[in-house]
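Trainee: I have a structure I would like to understand better, so I am pasting it below and will then ask my questions one at a time.
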Amino acid sequence: MNNSETKTAARAHHIERAWCKGCGICVHFCPKQVLKLDEQGKACAVRSEDCIGCRLCELRCPDLAIEVSDRQTADGQGNDHE
Ligand code: SF4
Ligand code: SF4
């Protein structure tokens, strides 16, 4: 009953709004309709619980504005500050 493929932990989507130009590529490529453009034209995760962690959004974003974390760990949530 310990199936790691099930949706046991919601993934975290970190979207750097300042970098997001609202092209909608991530929204288009997400196979689970997790992402959406908000009223300001920025990407946001509206169905995080449906994310399968394929990372297409990360890979396709031309501005590297979106980052998906497998789960929230005690490791500082993977935020990279430059
Ligand atoms: S990792 Fe995949 S399923 Fe999750 S938000 Fe990105 S494109 Fe959608
Ligand atoms: S692909 Fe990147 S820049 Fe385009 S809407 Fe998504 S997060 Fe924003």
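Trainee: Any idea which residue in segment 49-63 is farthest from C30 (Cα to Cα), counting only those that are part of a loop (DSSP other than H, G, I, E, B) and more than 7 Å from ligand 1 (Cβ to nearest atom)? Give the derivation first.
Mentor: Step one: filter segment 49-63 for residues part of a loop (DSSP other than H, G, I, E, B), giving 51-55, 61-63.
From what is left, the residues that are more than 7 Å from ligand 1 (Cβ to nearest atom) are 61-63.
Numbers: C61: 11, P62: 15, D63: 16 Å.
Ranking the qualifying residues of segment 49-63, first place goes to D63.
Trainee: Could you list all residues from segment 24-48 that are more than 10 Å from ligand 1 (Cβ to nearest atom) and of a type outside the set (A, V, I, L, M, F, W, C)?
Mentor: G24, K36, D38, E39, Q40, G41, K42
Trainee: Kindly provide the set of residues from segment 24-43 that are surrounded by 15 or more Cβ atoms within 10 Å (Cβ to Cβ) and more than 10 Å from ligand 2 (Cβ to nearest atom), ordered by number.
Mentor: Passing the criteria: only V34.
Trainee: Can you name the residue in segment 13-23 that is within 15 Å of ligand 1 (Cβ to nearest atom) and either loosely packed, with under 14 Cβ neighbours inside 10 Å or not in a loop (DSSP other than H, G, I, E, B) (or both) and, of all such residues, is nearest to the chain's Cα centre (by Cα)?
Mentor: H13
Trainee: Would you point out the residue of segment 47-60, among those that are of a type in the set (A, V, I, L, M, F, W, C) and in contact with a strand residue (DSSP E or B) (Cβ under 8 Å, 6 or more places away or on another chain), that is surrounded by the fewest Cβ atoms within 10 Å (Cβ to Cβ)?
Mentor: C51
Coordinate-derived values only; no laboratory data. All values reported here derive from a predicted model rather than from experimental measurement. Note: ideal-geometry Cβ built from the backbone for every residue, glycine included; neighbour counts use all protein chains shown.
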